[in-house]
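Read the structure below first, then the notes.
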Amino acid sequence: MKKALLCLLFISTISCKNVWNEDDKEAFYYACTEQAITWAGTQEVAKTYCDCLFTRMNQKYSSESEVLEHLADLATDTGMINCKEEILKRLGK
């Protein structure tokens, strides 16, 4: 989860906005999949993980700027942690 937080910290280098634009979303997915591939094994599994994170972030927070305000909370958020745990369980790890 610490690496996922690093992905989210990457987002903080992007200017705060009230919505996710396509460039920011692509930057998140790029950083997230680069990190996730190290444990996920395939690009497809990494993308599934990042989809989960992105969906849960958007369910919990209404905007990119709100996500950035709660980065520390995301590192310990059960929903975010469950994204990786669910995938690892499916992979039998």
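Derivation of every value follows stated rules applied to the coordinates shown; laboratory data play no part. What you are looking at is a predicted structure, and each value in this text was computed from that prediction instead of being measured. A quick note on method: Cβ atoms are made from the backbone with ideal geometry, for glycine too, and the neighbour counts reach across all protein chains shown.
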Please report 33, 76 as a ranked list, fewest other C-beta atoms within 10 angstrom at the top and most at the bottom. 76, 33
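Just want the ordering: 30, 49, from fewest to most Cβ atoms lying within 10 Å of their own Cβ. The partial results should precede the final answer.
On the way: 30 13, 49 23.
By the 10 Å Cβ count, ascending, the order reads 30, 49.
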How much length would be gained if the chain were fully extended between residue 81 and residue 51, taking 0.36 nm per residue of separation minus their Cα-Cα distance, in nm to one decimal? 9.5 nm
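Provide the FRET efficiency to the nearest 0.05 for the residue 43-residue 88 pair, computing r from the beta carbons and using R0 = 22 Å.
On the way: r = 17 Å, r/R0 = 0.76.
Efficiency for this residue pair is about 0.85.
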With 0.36 nm assigned to each residue of separation and the Cα-Cα distance removed, residue 60 to residue 22 gains 11.7 nm
Tell me, what ³J(HN,Hα) does each residue in region 70-84 have, in order and in whole Hz, if you take phi through Karplus 6.51 cos²θ - 1.76 cosθ + 1.60 with θ = phi - 60° and put x for Gly and Pro? 10, 4, 4, 5, 5, 5, 10, 5, 4, x, 5, 4, 5, 4, 6
